[in-house]
Amino acid sequence: MKVLLIGGGGREHALAWKLKQSPLLGTLYCAPANAGIAEIAQCVALDVEDHAAVIRFCKEKSIGLVVVGPELPLVAGLTDDLEAAGIKVFGPSKAAAQLEGSKGFTKDLCAAYGIPTASYRRFNDASSAKAYGAGQSLPIVIKADGLAAGKGVIIAQTREDADAAIDACFAGAFGAAGAEVVIEEFLYGEEASFFALVDGATALALATAQDHKRAFDGDQGPNTGGMGAYSPAPITTDALCARVMEEIIEPTVRAMAARGTPFRGVLYAGLMIADGQPKLIEYNVRFGDPEAQVLMLRLKSDLLPALLASAEGDLGNVALDWHDDAALCVVMAARGYPGTYRKGTEIRGLAAAAADPNVEIFHAGTKCDGDLLLADGGRVLGVTARGTDIGEARDRAYQALDQIDWPGGFCRRDIGWRAISRASR
Ligand code: AMP
Ligand code: GLY
């Protein structure tokens, strides 16, 4: 089967790497891809926003499945348009992608179906938002309703900060995404990422993972897309997973079907866990990045039939096997990320770094210029390793990473600290 993968980040490199191992795969195409993906797939210069062009390409090449990596094309309705043209897609419809595209939509769904989450209110104007905020305890969380590339969440410690965040949202700091604002209760606890494949009716839990959202060691500094991840996540015990499925994922899948907007694809629940009780922080409608990197390293089964079954409504017949090994990914980002950073700095030493068979280096923002490998984004590489436990995976990942010669980049040195300190307690 020919597959078209949409996206060009570390997540898509990991998906491409895993899809490549499928005996069912014919040609793998990727748009827009990156320098790492280019080594294993045929890169296509497609404008993903031009749905008609994507459809034409799929028909021309007889694509059997389109796998959509990032959220933007999903929220823009790429799945709907491809399916209307008779092309199979892994990834939700525009209506189902509202689970990520509108925080207010998800909060209302949780409220209607008793799904545990932070208490909240939705607002269309600053003065009523501020009046509500004034009556709530601190810290308080202010969120732009729509997609804001991970930047639309402000945790305000003071009333002044809360008011300033509300004003910034309505003044357009997050563009159209901030035209509506959600104000919610601050949740205490430990975060984990939970993933399930869904086919409209059936949900199949994937392995557990945790990422590190803050830019600097000790979970300090600004929020990022994710500076590292590991799997399994020791906090997500079997009992907790069962609760998450029963109290959060399955009610959501049923609710989406009941609304007439069944969810197909991967449902990624960002959880806050306190005293063994999971609450939903937010949904994403795609694999996490860098969580996909560690999940793909641990997945033993063929990924392609599972994605196809999600698209075809046939997940009931799929079981996935996982390696017992742990996996850990350290992200190397351009200095300055998540603020302003330079593109075009040279990266050397990848071949030596990737020599360990337990290590995979997934590219995110990279491009080739002749023989040179250049940084071409904020998050640039995901150095990913497996080991018998998270400590061993971490040591291997950092040993590989330390062979990479890239003065323009930085990474956190403490990925996995929670899991490792838990194991040594
Ligand atoms: P989101 O984009 O909704 O995942 O939010 C980004 C990050 O903000 C999350 O990963 C949490 O660290 C934090 N966050 C969001 N909502 C809350 C909340 N209600 N309580 C505590 N932290 C939150
Ligand atoms: N790692 C967080 C995300 O993918 O949104």
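The values are calculated or read from the model by the stated rules, or taken from the named source; none is laboratory data. The model shown is predicted, which means the values in this text are computed figures rather than measured ones. Glycine also receives a Cβ, built like all others from the backbone with ideal geometry; neighbour counts cover every protein chain displayed. Surface accessibility is based on the protein's heavy atoms, side chains included, excluding ligands, DNA and RNA. Shrake-Rupley method; radii C 1.70, N 1.55, O 1.52, S 1.80 Å.
Is the range 138-145 home to any residue that is open to solvent by 20 Å² or more (accessible area, probe 1.4 Å), more than 16 Å from ligand 2 (Cβ to nearest atom) and without any contact (Cβ under 8 Å) to a residue 24 or more places away in the chain? The answer is no; no qualifying residue exists. Inspect the range 314-322 for any residue being closer than 29 Å to E360 by Cα, within 16 Å of ligand 1 (Cβ to nearest atom), of a type in the set (D, E, K, R) and touching a Ser or Thr at 6+ places or on another chain (Cβ under 9 Å) and give the result as yes or no. Within the range 314-322, none of the residues are closer than 29 Å to E360 by Cα, within 16 Å of ligand 1 (Cβ to nearest atom), of a type in the set (D, E, K, R) and touching a Ser or Thr at 6+ places or on another chain (Cβ under 9 Å). Collect the residues in the range 197-218 that are touching a residue at least 24 places away in the same chain (Cβ under 8 Å) and in a strand (DSSP E or B), keeping them in residue-number order. Once the filter is applied, which keeps residues that are touching a residue at least 24 places away in the same chain (Cβ under 8 Å) and in a strand (DSSP E or B), the range 197-218 yields L197, V198, D199, A203, L204, A205, A209, Q210, D211, A215, F216. Look at the range 118-135: where a residue is small (G, A, S) and a partner is in a helix (DSSP H, G or I) and crowded, with 18+ Cβ neighbours inside 10 Å, sitting 6+ places away or on another chain with Cβ atoms under 6 Å, you get A126/I166; A126/F170; A129/I166; G133/A162.
Selection of the range 184-210 for residues being open to solvent by less than 30 Å² (accessible area, probe 1.4 Å), of a type outside the set (S, T, Y) and within 10 Å of ligand 1 (Cβ to nearest atom) yields E184, L187.
For the range 219-244, filtered to residues that are open to solvent by less than 30 Å² (accessible area, probe 1.4 Å) and part of a helix (DSSP H, G or I), the residue that is nearest to ligand 1 (Cβ to nearest atom) is V244. Of all the criteria given as (1) away from ligand 2 (no atom under 16 Å from the Cβ); (2) in a strand (DSSP E or B); (3) open to solvent by 30 Å² or more (accessible area, probe 1.4 Å), the one not satisfied by E247 is (2).
Which of the residues belonging to the range 252-273 are under 14 Å from D199 (Cα atoms) and charged (D, E, K, R)? Those that are under 14 Å from D199 (Cα atoms) and charged (D, E, K, R): R254, R264.
Based on this model, can you work out whether D405 counts as among the charged types (D, E, K, R), over 21 Å from M296 (Cβ atoms), open to solvent by less than 80 Å² (accessible area, probe 1.4 Å) and under 21 Å from the mean Cα position of the chain (by Cα)? No. Here A179, A168, A173, A149 are screened, and the one residue that is small (G, A, S), away from ligand 2 (no atom under 16 Å from the Cβ), under 19 Å from F105 (Cβ atoms) and surrounded by fewer than 20 Cβ atoms within 10 Å (Cβ to Cβ) is A179.
For the range 152-165, filtering for residues that are surrounded by fewer than 14 Cβ atoms within 10 Å (Cβ to Cβ) and of a type in the set (V, I, T) leaves 1. Of everything listed in (1) in contact (Cβ under 8 Å) with a residue 12 or more places away in the chain; (2) outside any helix (DSSP H, G or I); (3) not charged (D, E, K, R), the single unmet condition for G86 is (1).
Among the residues of the range 387-407, is any part of a loop (DSSP other than H, G, I, E, B) and touching a Phe, Trp or Tyr at 6+ places or on another chain (Cβ under 8 Å)? The answer is no, given that none of the residues of the range 387-407 is part of a loop (DSSP other than H, G, I, E, B) and touching a Phe, Trp or Tyr at 6+ places or on another chain (Cβ under 8 Å). Select from the range 36-62 the residues that are crowded, with 23+ Cβ neighbours inside 10 Å and farther than 23 Å from G101 by Cα and list them in ascending order. Those that are crowded, with 23+ Cβ neighbours inside 10 Å and farther than 23 Å from G101 by Cα: G36, I37, A41, C58. Scanning the range 250-277 for residues that are crowded, with 24+ Cβ neighbours inside 10 Å and either charged (D, E, K, R) or at pLDDT below 95 (or both) gives a single hit, R264.
Rundown of residues vs (1) modelled with pLDDT under 95; (2) under 25 Å from E191 (Cβ atoms); (3) of a type in the set (G, A, S); (4) surrounded by fewer than 21 Cβ atoms within 10 Å (Cβ to Cβ), yes/no style:
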{"position": "L72", "(1), (2), (3), (4)": "no, yes, no, yes"}
{"position": "A84", "(1), (2), (3), (4)": "no, no, yes, yes"}
{"position": "Y113", "(1), (2), (3), (4)": "no, yes, no, yes"}
{"position": "K130", "(1), (2), (3), (4)": "yes, no, no, yes"}
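In the set (1) away from ligand 1 (no atom under 16 Å from the Cβ); (2) free of Cβ contacts under 8 Å to residues at least 60 places away in the same chain; (3) over 19 Å from F105 (Cβ atoms), the condition left unmet by A257 is number (3). Of all residues in the range 3-25, those that are outside any loop (DSSP other than H, G, I, E, B) have Cβ atoms under 8 Å from Cβ atoms of residues that are among the basic types (K, R), 6 or more apart or on another chain, in L4/K61; G10/R379; R11/R286.
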